[in-house]
1. Condition first: in contact (Cβ under 8 Å) with a residue 60 or more places away in the chain, more than 19 Å from Thr130 (Cα to Cα) and within 13 Å of the ligand (Cβ to nearest atom). Can you find one or more residues in the stretch 193-200 that meet it?
2. For residues that are within 18 Å of Ser154 (Cβ to Cβ) and acidic (Asp, Glu), scanning just the stretch 14-73, find the one that is farthest from the ligand (Cβ to nearest atom).
3. Given the conditions (1) of a type in the set (Val, Ile, Thr); (2) buried (at least 24 other Cβ atoms within 10 Å of the Cβ); (3) part of a helix (DSSP H, G or I), and given that Val171 satisfies all but one, which numbered condition is not satisfied?
4. What about Pro125, is it within 13 Å of the ligand (Cβ to nearest atom), at pLDDT 95 or above and touching a strand residue (DSSP E or B) at 6+ places or on another chain (Cβ under 8 Å)?
5. Being more than 27 Å from Trp285 (Cβ to Cβ), more than 14 Å from the ligand (Cβ to nearest atom), assigned by TED's automatic domain parsing to the domain that holds Phe147 and in contact with an Asp or Glu (Cβ under 7 Å, 6 or more places away or on another chain) is true for just one of Gly208, Gly233. Which residue is that?
6. Can we say Ala239 is among the hydrophobic types (A, V, I, L, M, F, W, C) and within 15 Å of the ligand (Cβ to nearest atom)?
7. Name the residue, out of Ala143, Ala179, Ala164, that is away from the ligand (no atom under 11 Å from the Cβ) and assigned to a helix (DSSP H, G or I).
Amino acid sequence: MTQMMRAVEISQPGGPEVLTLVERPMPEPDQGQVVLKVAYAGVNRPDALQRAGAYDPPPGASDLPGLEASGEVVALGAGVTSLAIGDQVCALLPGGGYAEYVATPAAHCLPVPKGMGMKEAACLPETFFTVWSNVFTRGGLKAGERFLVHGGSSGIGTTAIQLANALGARVFATAGSEAKCKACTDLGAERAINYREEDFVKAMKAEGGADLILDMVGGDYIPRNVKALANDGRLVQIAFLQGPVVELNFAMMMVKRLTLTGSTLRPQSDLAKAQIAQNLREAVWPLLEAGRIGPVMDSSFDLADAAQAHARMEASDHIGKIVLNVGG
Ligand SMILES: NC(=O)c1ccc[n+]([C@@H]2O[C@H](COP(=O)([O-])OP(=O)(O)OC[C@H]3O[C@@H](n4cnc5c(N)ncnc54)[C@H](OP(=O)(O)O)[C@@H]3O)[C@@H](O)[C@H]2O)c1
């Protein structure tokens with residue numbers, strides 16, 4: 001008989017209220033996968049986009065939302081030798097984190113950092129995979145460079161500030177309130193710019209321009225980012241909260257020798273994600289285990305209250321990460 005589990009599904013595209021608690025069959029592990037008994041599931045802005053019908057799961061992925069979780073390995077697929085039943089891990093997921101059990105490639109699991117709880121560990125994968133691959137691999141941030149991250153108090157922003165600071169960059173951030181700006185400087189930003197009161201282009205030009213900008217806002221930030229970049233600067237785009245269509249004078253790209261790039265994590269190959277996991281294990285997990293960096297926790301909701309978690313995220317009052325308590 002098929003074993004059932006509790007899960008939250010998107011009953012139809014719409015607002016937070018379409019998130020519905022249901023019973024679903026428990027997943028089976030495919031070759032190279034493990035099944036986790038989920039303790040906590042991280043909530044990310046892309047989940048809200050998926051719920052609204054603007055970010056479909058890639059082919060073969062669960063239709064349930066949820067891109068990261070912590071939990072215990074309870075089943076191994078064929079060929080899995082790197083993990084054992086009972087291991088406690090946090091994992092990047094192809095989807096399906098808002099559920100009591102989820103399947104994911106073993107190579108996308110990382111150990112729960114020593115000294116860290118399951119709640120905090122659930123908040124690591126989505127932002128650390130995204131920040132590592134965009135800021136360091138794609139953007140090539142180096143020690144001593146000036147790094148600007150927009151949305152500094154977001155899940156992504158709080159991760160980017162800490163990692164860039166720990167690896168020796170000079171960090172600048174934008175955020176929409178004094179409390180959010182304080183959170184950014186507490187995390188290691190040299191300067192936080194309240195964009196409602198101050199022009200980030202002027203602020204960065206006064207510093208000599210940004211060597212790298214990580215942007216999730218888009219819209220009129222795109223031409224302003226180009227102005228704020230220093231010679232040989234790089235702009236890495238990871239979202240377009242204000243829209244992707246703008247008028248841009250590309251002459252600046254040539255004159256300042258700029259690189260304009262970006263990426264999304266979810267559609268990348270399993271192999272590419274496994275490589276990012278390996279990089280994180282080597283370069284970042286020691287920093288987490290030494291307590292030099294860690295997730296910034298905003299709030300926790302029960303799985304059944306996923307709609308409230310999404311409403312909190314979309315109100316944009318949060319600082320750091322929101323999680324769902326599934327079986328923690
Ligand atoms: N490319 C990828 O692979 C990838 C992966 C993960 C996430 N992302 C993207 O990265 C962004 C951050 O994700 P997250 O989970 O960290 O989100 P989050 O915690 O909800 O943060 C988003 C923040 O952006 C700021 N913001 C600035 N302009 C905004 C606007 N026009 N509308 C809404 N918010 C605005 C808000 O803070 P202020 O009050 O300071 O404005 C808000 O707190 C999202 O856009 C997400 O889709 C991309």
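The values are calculated or read from the model by the stated rules, or taken from the named source; none is laboratory data. Just so it is clear, the model here is predicted, and its values are computed rather than measured. Please note: Cβ atoms are built from the backbone with ideal geometry, for glycine as well, and neighbour counts cover all protein chains shown.
1. no
2. Top of the filtered list is Glu68.
3. (3)
4. Against the criterion (within 13 Å of the ligand (Cβ to nearest atom), at pLDDT 95 or above and touching a strand residue (DSSP E or B) at 6+ places or on another chain (Cβ under 8 Å)), Pro125 qualifies.
5. On inspection, the qualifying residue turns out to be Gly233.
6. For Ala239, the condition - among the hydrophobic types (A, V, I, L, M, F, W, C) and within 15 Å of the ligand (Cβ to nearest atom) - is met.
7. Ala164 is the lone residue from the list that is away from the ligand (no atom under 11 Å from the Cβ) and assigned to a helix (DSSP H, G or I).
Each row is one residue, and each column tells you yes or no for (1) assigned to a helix (DSSP H, G or I); (2) out of contact with any helix residue (DSSP H, G or I) (no Cβ under 6 Å at 6 or more places or on another chain); (3) not aliphatic (A, V, I, L, M).
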| site | (1), (2), (3) |
| --- | --- |
| Pro57 | no, yes, yes |
| Leu64 | no, yes, no |
| Ala78 | no, yes, no |
| Ser82 | no, no, yes |
| Ile85 | no, yes, no |
| Cys90 | no, no, yes |
| Ala107 | yes, no, no |
